[in-house]
1. Take the alpha carbon atoms of the chain, find their radius of gyration, then divide it by 2.2 N^0.38 Å using N residues; give the quotient.
2. Go through LYS221/LYS242; LYS101/LYS196; LYS101/LYS217; LYS56/LYS107 and tell me which ones have a Cα-Cα distance over 26 Å in this structure.
3. So what does the Cα-only Debye profile of region 175-252 read at q = 0.13, 0.17, 0.22 Å⁻¹, as log10 I(q)/I(0), no solvent term?
4. To the nearest 500 deg cm²/dmol, what mean residue ellipticity at 222 nm is calculated for the chain from DSSP H runs of n ≥ 4 alone, each contributing -39,500 (n - 2.57), summed and divided by the residues?
5. Mind grabbing the accessible area of ASP64 for me, 1.4 Å probe, Å², rounded to tens?
6. So for the chain, averaging the separation of alpha carbon pairs under 8 Å that are six or more residues apart and normalising by length, what relative contact order in percent results?
7. Please quote Rg/Rh for region 149-219 to two decimal places, taking the Kirkwood radius as Rh and restricting both calculations to Cα atoms.
8. Which is the longest run of the chain containing none of the GluC sites (Glu not before Pro) found in DSSP loop states (not H, G, I, E, B) with at most 14 other C-beta atoms within 10 Å?
Amino acid sequence: MHPKDFSGITIEELIRADSLKAYTLHYLGIAFYEYSGLTLKQACEVTGVQLDYALKELDLPADDLHPDDFLLISSSPEAIIGCLRRAHQIFINQRLPYIEKLIINFKCQDSGYDAMINDLRILFPLFIQDFTGHIQMEELRLFNYILSLCLGSKGKINIAELFFMMDKESIHNFVVEHDSHDDEMTGIRKITAGYKTESDTPLHLRVLFDELLNLEKDLQKHASIENEILFPKAVTLESRVKRILLECARLN
């Protein structure tokens, strides 16, 4: 559908055609479940959003959270960490709050969904808390350690400081710790029966399940970048820095 045609259809029709556009409407300030019966033009008039701007945003392709693996494989550890940090910010500041809002604001006349939604209202905040703690560990310990190794390999960090850091941390320990977080959405996947929808699934629930499924795919991709690209580079870097430290010890 051409973006200019969006203005004449209802929000519900727009979202049924592409559920991911619900997120675009969300950050424009148009909650699809509040204006589902209005056309995009009418919703823009009610919310004060410029129609031309909304059409332009809806026509943009979905932003890839992570670059292509080929580009990352040839990138430095510093560049990979920069990419992962950007993804962390998107997860914490955009994706998770949006999904939580979808859960909180879910309403349906069919009471058959009540138990599942109530479970999600309890479990998803716990998931956010656990995931946020995992990200903080990566930001404060893992990434800081790898960046310090990068500086050490270039002779740009105090040798004594680096020695004590390497005595405390190791990439091997981070890998073991990381493995325990590789499937953080197991409980949510079970509650939602694997995000399965039927022809009569309410639109709001369809959007929610699509967002949860995409979140899980992005988290798996994120973990694979760390496990298959960053960690191998970090292990090689750590070995190189150990050799540098041993050489410095011999000279002293």
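The values are calculated or read from the model by the stated rules, or taken from the named source; none is laboratory data. It should be emphasised that the depicted structure is a prediction, and the values quoted were computed from it without experimental measurement. Here Cβ is always computed from backbone atoms with ideal geometry, including for glycine, and neighbour counts include all displayed protein chains. With ligands, DNA and RNA removed, areas are computed over all heavy atoms of the protein, side chains included. Shrake-Rupley method; radii C 1.70, N 1.55, O 1.52, S 1.80 Å.
1. Details: Rg = 22.9 Å, N = 252, 2.2 N^0.38 = 18.0 Å.
Cα-based Rg divided by the globular estimate yields 1.27.
2. On the way: LYS221/LYS242 30 Å; LYS101/LYS196 20 Å; LYS101/LYS217 20 Å; LYS56/LYS107 30 Å.
Check vs 26 Å cut-off fails for LYS221/LYS242; LYS56/LYS107.
3. -0.59, -0.78, -0.98
4. On the way: 14 runs with 164 residues, N = 252.
Mean residue ellipticity, 222 nm, calculated: -20000 deg cm²/dmol.
5. Its accessible surface works out to 120 Å², give or take rounding.
6. Numbers: 174 pairs, mean separation 58.1, N = 252.
Result for the chain is 23 percent.
7. On the way: Rg = 21.4 Å, Rh = 15.9 Å.
A ratio of 1.34.
8. Working: sites that count: GLU34, GLU198.
No qualifying site falls inside 35-197, the longest such stretch.
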